[in-house]
1. Would you tally the net charge around Gly112, using a Cβ to Cβ cut-off of less than 11 Å, leaving Gly112 out, and scoring K and R as +1, D and E as -1?
2. What FRET efficiency comes out for Asp42 versus Ser148 if R0 is 41 angstrom and r is the Cβ-Cβ distance? Round to the nearest 0.05.
3. If we sort 68-75, 24-31 on the protection proxy, mean other Cβ atoms within 10 Å, highest first, what's the order?
4. Only four residue types carry charge here, +1 at the Cβ of Lys and Arg and -1 at the Cβ of Asp and Glu. Report the dipole size of the range 15-81 about the Cα centre in Debye, rounded to the nearest 20.
5. I'd like the orientation of helix 34-44 relative to the chain: the angle between its Cα long axis and the longest Cα principal axis, in ° from 0 to 90, rounded to 10.
6. Zone of Asn134 (label point 7 Å along Cα→Cβ, backbone N under 11 Å): which residues in the range 48-76?
7. Quick one, can you get me the convex hull of the C-alpha atoms of the chain expressed as volume per residue in Å³?
8. Roughly how big is the range 1-122's charge dipole about its Cα centre, with Cβ charges of +1 (Lys, Arg) and -1 (Asp, Glu), in debye to the nearest 20?
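Where a number appears in this text, it was derived from the coordinates with a stated rule and is not lab data. What you are looking at is a predicted structure, and each value in this text was computed from that prediction instead of being measured. Cβ placement follows ideal geometry from the backbone for every residue including glycine, while neighbour counts extend to all protein chains displayed.
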Amino acid sequence: MTLSRKNLQKKMNEYKISELSVGMTECFERTIAQEMVDAFGDISGDFNPLHTDVDYAVSLGNPGTVVYGMLTASLYSTMAGMYLPGKYCLLQQMETKFRKPVYVGDTLTVTGSIIQKTDFPAQIVVEVKIRNQNGKLVNSGKYSALVSE
């Protein structure tokens with residue numbers, strides 16, 4: 001599969017603050033491809049052999065190179081800008097905890113749930129959990145976002 005905007009796009013949600021409530025949940029899946037890892041390395045300039053050299057990563061007990069933690073955490077941006085709330089989002093803050101390594105070929109399920117909402121300012125706090133195809137929690141955290149009316 002070629003990584004492109006066209007094959008990753010879905011209909012963007014357009015929730016406004018009045019349509020959001022505590023407990024609302026959205027989720028999506030993303031399979032991590034080698035080209036995503038390569039592009040992230042090029043963008044970030046991080047060429048640590050743990051992420052780029054299979055032999056090195058395997059020598060440390062991994063089944064292959066470890067996906068950049070920040071690549072996994074970048075899926076918070078997808079959750080905020082495409083799903084919860086979507087179009088009317090301005091991401092303000094993010095907290096993330098890297099719990100287990102992610103590897104090329106892993107399919108990640110990203111789930112976001114609103115845990116707090118305020119009307120003034122129009123803001124939500126979303127708890128995020130990212131699990132791999134085996135149901136293992138690989139990343140967790142939360143973000144806050146302003147939401148237009």
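1. Summing Lys and Arg as +1 and Asp and Glu as -1 gives 0.
2. Efficiency, rounded to the nearest 0.05: 0.80.
3. Taking the mean over residues of other Cβ atoms within 10 Å, the ranking is 68-75, 24-31.
4. About 280 debye.
5. 80 degrees
6. 63
7. Here the figure is 109 Å³ per residue.
8. Result for the range 1-122 is approximately 460 debye, rounded to the nearest 20.
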